[in-house]
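Here's the structure we're looking at; comments come further down.
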Amino acid sequence: MATLLERLEANGISRRSFLTYCASLTTMLALPASLTPQIANALSKVDKPSIIWREFQDCAGNTESFLRSRNPGVADLILDLLSVDYHETIMAAAGRQAEAASDAAAKKGGYILVVEGSVPLKDDGVYCTIAGKTAKQHLEELSKGAAAIVNVGTCSSYGGIPAANPNPTGAVGVPSLVSNVPIVNLPGCPANADNITATFVHYLTFGSLPARDQLGRPLFAYGERIHDSCERRAHFDAGQFALAFGDEGHRKGWCLYKLGCKGPNTFNNCPAIRWNGGTSWPVGAGHGCVGCSEPEFWDAMGPLYQHLPNVSGFGVEATADQFGVALVGATALAFAAHGVAKYAQHRITAEPAAQPVAAGQPTEED
Amino acid sequence: MARVVVDPITRIEGHLRIEAQVDAGKITNAWSSGTMWRGIETILHGRDPREAWYFAQRICGVCTTVHALTSVRAVEDALGIIPPLNAILIRNLITLSQFVQDHAVHFYHLHALDWVDIVSALDADPVATSKLAQSISDYPRSSPKLFSAVKDRLTSFVKAGRLGPFANGYWGHPAYKLPAEANLMAVSHYLDALDFQRDYIRIHSILGGKNPHLQTYLVGGMSVPIDPNSQAAINAGTLAELRVILQKGLDFVTQAYVPDLIAIASFYTDWTAIGGGLGNYLSFGEFPTAATNLSKTDAGLFLPRGLVLGKDLSKVLPVDPLKVAEYISHSWYSYTVGNDKPLPPFEGETTPSYTGPKPPYDQLDVASKYSWLKSPRYDDRAVEVGPLARMLVAYAAGHPRVKELVGYVLGQLKVGPEVLFSTLGRTAARGIESQLLAEQSLKVLDQLEANIAGGDLRVHDGAKWDPGTWPARAQGFGLHEAPRGSLSHWVTIQNTKIEAYQIVVPSTWNAGPRDAKGQRGAYESALLNTPVADPEKPLEILRTVHSFDPCMACAAHILDPRGNELVEVTIA
C-alpha cells in the first residue's frame, strides 16, 4: 500500500510541498514548529485507521463540511489517510451490505467512531432508526470497541437543535450516554472542515485526542473567544457599530455587536482560520456570530438580533474553562455598558435594543 | 415472491428505508419509509419570525440554502415586505450555485456508483481511456498519465483489501454495463468532482460567510453589504472573484458533467423505459428577475410555474398553492379531524403517534402506518417534483433554452422526449438543468453588476424590521424550487411571535407514503415494474430511488407548533 507521501510524489507533489503542508497543520494545531517533522513522519507512514461514521438525528451538515476538507484534500482523507468503513452518505454499499461493513469494522475494534446528530431517547428512541435499530442501540454497540469518539457538530456534542426547547424527541448528545471512551467534541453548526481534519491529523500523529476544555472541545480550535481575534475588534474598541443592515457602519465593516453578534460569548477559531479554505466567515460577510459552538446556543444565545445583555468583562487571556460554562446570565453588565458608552460618544442617539446598564461595573479594558 | 428490504438506503441525505415485493424478477409493490424525525417546527413555536430562517435552515445541511430562503420569503409575504433587487439577485446567485454544486455531487458521488463499476475500472487501459475521454469532450484532465495514476491508486486500494467507502458494493452485478475504460474515466471524474464541489462552493462563503449553513439571510433582504469603496463589502474585487468561480462551474458542467452523463446514459437506454412513476409533475417556478413577491405572482420567473398531468406535454396547467394538503393516513401522526382527511398547511397539525414495530425490527406493518413522512397532495393528486418536473414544465411551456438543451441531449442519445418519463430521464434532467443554471448564474451576476453600477447599494429593506410595525396577526407562505423540487413554508404570526409554522418539502412529495385513498407516492410508484435481477443485491432499487436524489432530513421535518400536546419535555 503506497503511503500518502508516495502517492503525492507519484502525482508530482514534492516532499518539500508536503512538508510545507505539514507545517501549516502544525500551526493549525497550535503546536510548536519543532513538531512538524513528527507530523510529516506520521502522515507519510500512516496505517489507515478505521472510521465508522454514524449519522443519527442530523442534517448531514457536518458530512458536507467534512467533504470541503482541503488540507489534506477530501479525496486523500477519505481514500488514503483514513479507511472510511461506514458512512451512509458516501458509501457504495446499501442495506444489509452496508451494515455488514459496519459490523466487520466493529469486530476488529480500535476504530474511531464519528458521530453526527443527536440521539433521541423519548418513546424508546423510535424517532431515529437505521436498519430497524434505534440510534441509541447503534451507539451502545459501536461505542464498546471504539478507540475514541469524535462528535462532529453541536448536535452529537450537546444535543443541538433537536434538543432546543421543547426538545420534542428527548434528544441528547453522545457524552450524555457514553463513558469510558475518550471523547472529543467539535461543536459548530456545522464544525469547520479544518478543525475536523486537524483533529484526525492530531490523532494520526500522536495516537491520542488533543487536549480539551471542560466542554470536551480541543483547545487548538476552541481556546479563544471569537471576540478576541475578530477582525472587527478595533471597531468595537473604538465604539464604531453597525446599527442597521446596509447602513454606513455595516458597509464599512464596523462591529456587529449592536446587531446581535454573539462573538463575545463564543469560543471558536472562525476569525483565525475562516471558512471554505480561508475564504470568509459569517462576521466577515456581514452577519453577527450566532454562537453555534456553545452548548444549547439555540436557546441560550437568543434573541438573534439583540445584543448580549450580560457579558462579563474578562480579558483576552481567558479560556472557556476560566470563563465557566454558564455563558449567558453571567453577572457583570459591563460589556453592555461599555458598548453603550462608546456609542454615546459617537453621538448616535438611537439604541435599538437597549439593555439595562449597571452603574459602577468595571469596563472590559479597565 | 420475496420481500426485499433496503435499510439504510445509502448515498442520500438522511434515513430512508425501502421495502419492496419482488415477483418473477420485478417489483410488484413498494413502500417508502422515512425513519428519522426531529421536530424543528415545533421548536419554532413562540419564536421571533425574523429568526425562523436560521432554525429552518438546519432542517438540512445538504440543501443548506433552501429552507432559509423559503422561510424569509414566507415571513416577507406575511408582513408585506419586498426586498431590494440586489438582495433578490444575491439570493439567486447563492441558489444557482447551490443547484450546480448539489447536482454535480449527486451525479458523481451519490448516483454514479449505481452505473459505474469501480472494480471493473481495474481492467481499463489508460491509453484507451484517454482516447475515449478526449473523444467526448475537451475536459483537460484526460491524459493517459492521469488515468494511469488513478488506476494505480485504485489497484493499491484493492490489493490492500481496504476498500473503505467502496467496500461491499454490488461490483460485478450483471446490471453494470459500462466498458472498463468508461468506468475508469468516471472514477477519475468522481475524484475531480470532490475537489470541484469544494472549490466552487466558495461562492457561498463569499456571499454567505460559510458553507454549509450560510449566515447572511435576513427577512427583508440580505446581510451582506455592497459598497464599491469598502473592503468589508461586496466590491469590484468580490464580483470579479465570483465571476471566475461561476465560469469554472460552467466549464465543469459543460466539459465533464454533461458529456459524462451522455456517455454513461448511452449504455443504459433500457432505463428510459423503467421508473416512470406518477406522470404528474409540479413546479412552483424559480429565479425572480425583478423585485417581486413570488407568493403573489409568477410573472418574470426564469423557470415557469406550472403543472403537467398524465405525461401530457401539450399543456401546462396553472398552479394554486392553496390546493396543497397533506395526509397522515400512513404516517406516524394523528389528526384531530381523523386519520383519513387531508389538511392544508395553514390548518395543519402534527402530533407524533408512533405505531410501528418496536425496534429492533425486521419488517414494517405497511398495511397501517409506516413512515415519519406525510403524504402531500396537490388538488388531491400525487405529483412528482424535482429537476424532471421543472424541465418538463419548462419544456411544455416552450422555454427556448430548455427546449434546446433537452433536444441536444436526446439527439445525442438518439431518443425522443417520451423517454424523459423514466429513471434515466430524471438523471438526465438534472444534468440539463445544471447546464442551464450554470449559464444563468453568469447572467444574474451581469444583472447585479449593472444594478450596482447604476448606484443602487441597497441590500435590506428595514421599514418593517421593528416588530412594532407589524399587525397583530399575519399569515404568509413562501414558495421555492429547491434542487430536489417544490418547497413551501407557511407561517402564522400572532402578536409578533410564530403561532404556527408548516413546511411542505420536495422529498416529502416524492418519498411520502400512500394517502387515505391508497394513492402511492412518487418513489413507491416509480419502483413498480423495476427489474431486480438478484434480490440479495437490489442495485436496481438504488438506481430508481437515487434518480430522485432523496433528502430525508428535509422530508421528515415536523410541523405544527400550534400543538400544545408536543410541548412536554421528556429526557430519560
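Computed from the coordinates by the stated procedures, all read-outs in this text should not be read as laboratory data. The structure presented is a predicted model; accordingly, all values stated were derived computationally and were not measured. Cβ: placed from backbone, ideal geometry, glycine included. Neighbour counts: every protein chain shown.
Calculate, for B:D152 and B:K131, the FRET efficiency according to 1/(1 + (r/R0)^6) with r their C-beta to C-beta distance and R0 30 Å; round to the nearest 0.05.
It comes out at approximately 0.95.
Give me B:W509, B:W271 ranked fewest to most by other Cβ atoms within 10 Å of their Cβ, as a rough exposure proxy.
Exposure proxy ranking, most exposed first: B:W271, B:W509.
Only Lys, Arg, Asp and Glu count, each charged at its Cβ (+1, +1, -1, -1), so figure out the dipole size of the protein assembly as shown about its Cα centre, rounded to 20 debye.
700
Dipole magnitude of chain B about its Cα centre, charges +1 at Lys/Arg Cβ and -1 at Asp/Glu Cβ only, in debye to the nearest 20?
I would put it at about 180 debye.
Across peptide B:46-53, how many C-beta atoms of other chains are within 10 Å of each residue C-beta, on average?
If you average over the peptide's residues, the count of other-chain Cβ atoms is 3.
Please give the peptides A:167-174, B:328-335 ranked by average Cβ packing (other Cβ atoms within 10 Å per residue), highest first, as a rough proxy for protection.
Peptide ranking by packing, descending: A:167-174, B:328-335.
What ³J(HN,Hα) values, in whole Hz, does the Karplus curve 6.51 cos²θ - 1.76 cosθ + 1.60 give for segment B:84-99 when θ = phi - 60°, with x put for Gly and Pro?
Values, residue by residue: x, 4, 4, 5, 4, 6, 5, 4, 4, 4, 4, 5, 4, 6, 4, 4 Hz.
Looking at chain B, send over the antiparallel percent of its DSSP beta bridges, to the nearest 5.
90
If I model a spin label at B:Q519 and B:E449 as a point 7 Å from the Cα along the Cα→Cβ vector, what separation in nanometres do I get?
Here the answer is 4.7 nm between the modelled labels.
Using just the helices of chain B, give the 222 nm mean residue ellipticity in deg cm²/dmol: DSSP H runs with n ≥ 4 each add -39,500 (n - 2.57), and the total is spread over all residues, rounded to 500.
-11000 deg cm²/dmol
Go ahead and run the numbers for FRET between B:Q494 and B:A290, Cβ-Cβ distance against an R0 of 30 Å, rounding to 0.05.
Given R0 = 30 Å and the Cβ-Cβ separation, E is 0.40.
Over the whole of B:55-61, what's the average partner chain Cβ count within 10 Å per residue? Rounded to a whole number, please.
6
With label points built 7 Å along Cα→Cβ from the Cα atoms of A:A238 and B:R458, find their separation and express it in nm.
2.9
Simple spin-label model, 7 Å along Cα-to-Cβ: B:E404 to B:E241 in nm?
Distance between label points: 3.2 nm.
Please sort B:300-306, A:151-157, A:188-194 by packing, taking for each peptide the average over its residues of neighbouring beta carbons within 10 angstrom, highest first.
Order by mean packing, descending: A:151-157, A:188-194, B:300-306.
Tell me which of B:A78, A:S156, A:M28 sits at the most positive position along the dipole axis of the protein assembly as shown, charges placed on C-beta atoms (Lys, Arg +1; Asp, Glu -1).
A:M28
Counting partner chain Cβ atoms within 10 Å of every residue's Cβ in A:165-174, what's the average?
Mean shielding count: 6.
Restrict the search to segment B:437-520; then list the trypsin sites (Lys or Arg not before Pro) that DSSP places in a loop and that have at most 14 other Cβ atoms within 10 Å of their Cβ.
B:K517
Filter the cross-link list B:K341/B:K369; A:K133/B:K537; B:K151/B:K414 down to pairs whose alpha-carbon distance in this structure exceeds 24 Å.
Beyond 24 Å: B:K151/B:K414.
Please list, in chain and number order, the residues 5+ apart from B:N29 or on another chain whose amide H is under 5 Å from its amide H, with Hs placed from the backbone.
B:Q21
Under the 0.36 nm per residue contour assumption, what length would be gained going from the current alpha-carbon distance of A:N180 and A:D103 to full extension?
25.6 nm
Once the Cβ-Cβ distance between B:T28 and A:S208 is put in as r, and R0 is 56 Å, what FRET efficiency do you end up with, to the nearest 0.05?
0.55
Which of B:K311/B:K517; A:K48/A:K107; B:K210/B:K374 have a Cα-Cα distance over 26 Å?
Checking Cα-Cα distances, B:K210/B:K374 exceed 26 Å.
Where in segment B:422-449 is the amide nitrogen less than 18 Å from a point lying 7 Å along the Cα-to-Cβ axis of B:K311?
Correct set: B:422-429.
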